[in-house]
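**Student:** Please read through the structure below; I'll follow up with questions.
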Amino acid sequence: FDYETLMTLSKTPASVAMSKDLKKRGWSFIGPTTAYAFMQAMGMVNDHVEGCEWRSRTEKLRQAFIRPGGVGTGIGDEV
């Protein structure tokens, strides 16, 4: 993402889907913006700007991460 996009980005299709799913599961006070903030904090999205030294570091860590449960177990399959 570039700087201008980041300044306006507060939700994504994934954060909208996450907030809808959590509401179906009984969560309150969860919207796409809060879900996106959670996704940022947990490293689910890497929105460091191009050229930022943390972008490549973060991406390497994300690629090396092994999800608990693995693919096909229903844990994290839809992210």
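**Student:** Set Lys and Arg Cβ to +1 and Asp and Glu Cβ to -1, take the dipole of region 1-41 about its Cα centre, and tell me which of Y36, L22, T5 lies farthest positive.
**Tutor:** Looking along the dipole axis, the top candidate is L22.
**Student:** When the Cα atoms of region 3-64 are enclosed in a convex hull and the volume is divided per residue, what value in Å³ results?
**Tutor:** 86
**Student:** At 7 Å along Cα-to-Cβ for each site, give me the label-to-label distance between S56 and K20 in nm.
**Tutor:** For S56 paired with K20, the spin-label model returns 3.8 nm.
The numbers here are math on the coordinates, done by the rules we state, and not lab data. In this text, all values refer to a predicted model and were calculated from it rather than measured experimentally. Backbone-built Cβ (ideal geometry, glycine too); neighbour counts: all protein chains shown.
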